[in-house]
Amino acid sequence: MHEISVLHSAVELAEATARENGVDRLSYITLEVGELSGYLPVFFEKYYPVVIENRPMFDGCRLNLLTARGEALCLDCNAIYHVLSCRGVCPKCSSRFKKILGGQEFILKEIGFE
């Protein structure tokens, strides 16, 4: 369960960025989590209140989660497809040889403040 450690790092980065810019209180942070990243968004939602506990800057700060679609390029026929719905197999030629184009990221996408 590495969601807690990466969530903690994202919160620390948001806090440091806010302080560098003279912001005292955050309204929201937005994380983009790739479908193929290995992270489960449900755990970010579950542990967010614990990670921001005793951080006054985060009082009332909500967590927004975006999902980055897991897409691949088939190395045999050049088709682009959704990895999860196709179970890692190209729907056009049934090849398993692919280059992942997206969906592995974990990004602190946005920091909102008033």
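The values are calculated or read from the model by the stated rules, or taken from the named source; none is laboratory data. Because the structure is predicted, anything quoted here is derived from the model rather than measured. Here the Cβ positions follow ideal geometry from the backbone for every residue, glycine too, while neighbour counts run over all protein chains shown.
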(message) Taking the condition of being surrounded by 15 or more Cβ atoms within 10 Å (Cβ to Cβ) and assigned to a helix (DSSP H, G or I), how many residues in the range 44-66 meet it?
(response) 7
(request) Just give me the residues in the range 15-41 being out of contact with any helix residue (DSSP H, G or I) (no Cβ under 9 Å at 6 or more places or on another chain) and surrounded by fewer than 13 Cβ atoms within 10 Å (Cβ to Cβ), in sequence order. (result) ALA16, GLU20, ASN21, GLY22, GLY38
(message) Out of the residues in the range 83-103 meeting the condition of being in contact with a Gly (Cβ under 6 Å, 6 or more places away or on another chain) and of a type in the set (A, V, I, L, M, F, W, C), tell me which one is surrounded by the most Cβ atoms within 10 Å (Cβ to Cβ).
(response) VAL83
(request) Say whether the condition of being out of contact with any Gly (no Cβ under 6 Å at 6 or more places or on another chain), modelled with pLDDT of 95 or more and closer than 21 Å to SER5 by Cα is met by at least one residue in the range 67-82. (result) yes
(message) Residues to consider are LEU63, LEU7, LEU36, LEU13; find the one that is aliphatic (A, V, I, L, M), closer than 15 Å to PHE113 by Cα and within 12 Å of the chain's Cα centre (by Cα).
(response) LEU63
(request) For residues that are over 25 Å from ALA18 (Cα atoms) and assigned to a strand (DSSP E or B), tally how many sit in the range 69-114. (result) 12
(message) Taking the condition of being free of Cβ contacts under 8 Å to residues at least 24 places away in the same chain and on the phi > 0 side of the Ramachandran plot, how many residues in the range 85-114 meet it?
(response) 3
(request) Collect the residues in the range 74-95 that are within 15 Å of LEU36 (Cβ to Cβ) and of a type in the set (D, E, K, R), keeping them in residue-number order. (result) ARG87
(message) Of the conditions (1) in contact (Cβ under 8 Å) with a residue 40 or more places away in the chain; (2) closer than 15 Å to ILE4 by Cα, PHE58 satisfies every one except a single condition; which number is it?
(response) (2)
